[in-house]
C-alpha cells in the first residue's frame, strides 16, 4: 500500500520471495513515479497511474507482478472495455440530485457501525477489507476514514467512505454499497458528491477510486462526476465472491484558499 521511509533497494525482489513462500498469485503495489524503475526491472508491470497522487504533485503508479499465468489472463477484456466505453458515453449526462422527500444523506457515526456492518454483509459476499466487522468500521472511523450513508425512513440503505491519506493529501472514495431494491436512484452519485465537499474542506488534493471493472453503475458514477480513467488492474481484488479486475478513476480536488 505504501513504501516505508527506510525500505531497502531489495524490496521488489523481497516481495516476490514472500509471495512465493505463501503461494500468492499476484503482488499489487502503489509507488511514487521515482520508485517505478526498481520495480519494473524486477518484472513488475505498470497497470495504472494517478497524476498528483502524492501531495497533489507527484504521480502515483499502480503496479502488478504476476506469479501465475491464469492470474494475468484478460479473458473478459472485451466485456470490461464495453462497460468502460458506456461510462464515457454516460459522462455527458448531468447527475440527478438526491430526492430529499424520499431519502436523507448524512455522515455516519460510531453508533452506526452495527447497522453499517449488516448492510455490507448483505451487499458483499467477500470484500478485500473486513467491512463486515463493526469493530473494524469503528477503528477506521476513529483514525482516517469518513463514512457516509443514505437513509430511507430511518434505515440505512446506502453507504460509502472516504479513506484519507493525510500525509499524501489523497483520499480513496470507496466502500460503496446500496441495498438491491434501492439501486437505480443515483444514490452513489449523491454520496460521492457529498464526500467530495467534505474532503475538500479537509484539504485533500486528489480523490480516486479502485472500482470493479464489471460494475456498470460505479463506473458511470465516477465518469458522471468528472473523474478521469487511469487504467485497469487485472484480476486484482477479491470482491463479491470472485477475483475481479478493477478500474482506476481520479480527480483533482480544489483546495480552499487559506483564511487570512
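Tell me whether the stretch 132-260 comes out rounded, prolate or oblate; compute the Cα gyration tensor, take square roots of the eigenvalues as a ≥ b ≥ c, and use a/c under 1.5 as the rounded threshold. Walk me through the numbers on the way to the answer.
Working: a/c = 1.44, a/b = 1.19, b/c = 1.20.
Since a/c stays below 1.5, the shape of the stretch 132-260 is classed as rounded.
Which residue, 18, 164, 246, has the most motion in a Gaussian network model of the chain that connects Cα atoms within less than 10 Å?
For the chain, modelled as a Gaussian network with Cα springs under 10 Å, the answer is 18.
How would the stretch 167-216 be classified by its alpha-carbon gyration tensor: rounded, prolate or oblate, with rounded meaning a/c under 1.5 and the a/b versus b/c comparison settling the rest?
On the way: a/c = 3.32, a/b = 1.76, b/c = 1.88.
The shape class here is oblate.
Add -39500 (n - 2.57) for each DSSP H run of 4 or more in the chain, then divide by its residues: what number comes out at 222 nm, to the nearest 500 deg cm²/dmol?
On the way: 8 runs with 80 residues, N = 260.
Counting only the DSSP helices, I get -9000 deg cm²/dmol.
Going highest first, how would you order 38-49, 207-218, 86-97 by mean Cβ packing within 10 Å? Mind showing how you got there, number by number?
Working: 38-49: 16.8, 207-218: 21.1, 86-97: 13.1.
Sorting 38-49, 207-218, 86-97 by mean packing, highest first, produces 207-218, 38-49, 86-97.
Along the Cα→Cβ direction, 7 angstrom out, place labels at residue 88 and residue 38. What is the inter-label distance in nm?
Calculated label separation equals 3.6 nm.
Given 0.36 nm per residue, what is the gain on full extension from residue 58 to residue 77 after removing their alpha carbon distance, in nm?
Details: separation 19, 0.36 × 19 = 6.84 nm, distance 2.95 nm.
Taking residue 58 through residue 77 to full extension adds about 3.9 nm, to one decimal.
With everything on Cα atoms, drop me the angle between helix 113-123 and the longest principal axis of the chain, reported from 0 to 90° to the nearest 10.
Result, in degrees: 70.
Please give, to one decimal in nm, the separation of the simple spin-label points placed at residue 198 and residue 101, each 7 Å out from Cα toward the Cβ.
Simple spin-label model gives 2.7 nm for this pair.
For the chain, give me the percentage of DSSP beta bridges that are antiparallel, rounded to the nearest 5 percent.
Working: 48 of 51 bridges.
Roughly 95 percent of the DSSP beta bridges within the chain come out antiparallel.
Using 0.36 nm per residue, how much length does the chain from residue 1 to residue 228 gain when fully extended, once their Cα-Cα distance is taken away? If you can, show how the numbers build up before the last one.
Values: separation 227, 0.36 × 227 = 81.72 nm, distance 2.14 nm.
Answer, rounded to one decimal: 79.6 nm.
Tell me the relative contact order for the chain as a rounded percent, counting alpha carbon contacts under 8 Å between residues six or more apart.
Reported as a whole number, the value is 20 percent.
Can you give the three extents of the C-alpha atoms in the stretch 44-161 along their principal axes, from longest to shortest, in whole Å?
Ordered largest first, the stretch 44-161 gives principal extents of 47, 37, 35 Å.
A short reminder: the numbers here are calculations on the coordinates, not readings from a lab. Remember, predicted model here, so these are calculated numbers, not experimental data. Every residue, glycine as well, gets a Cβ built from its backbone with ideal geometry; the counts of neighbours run over all protein chains shown.
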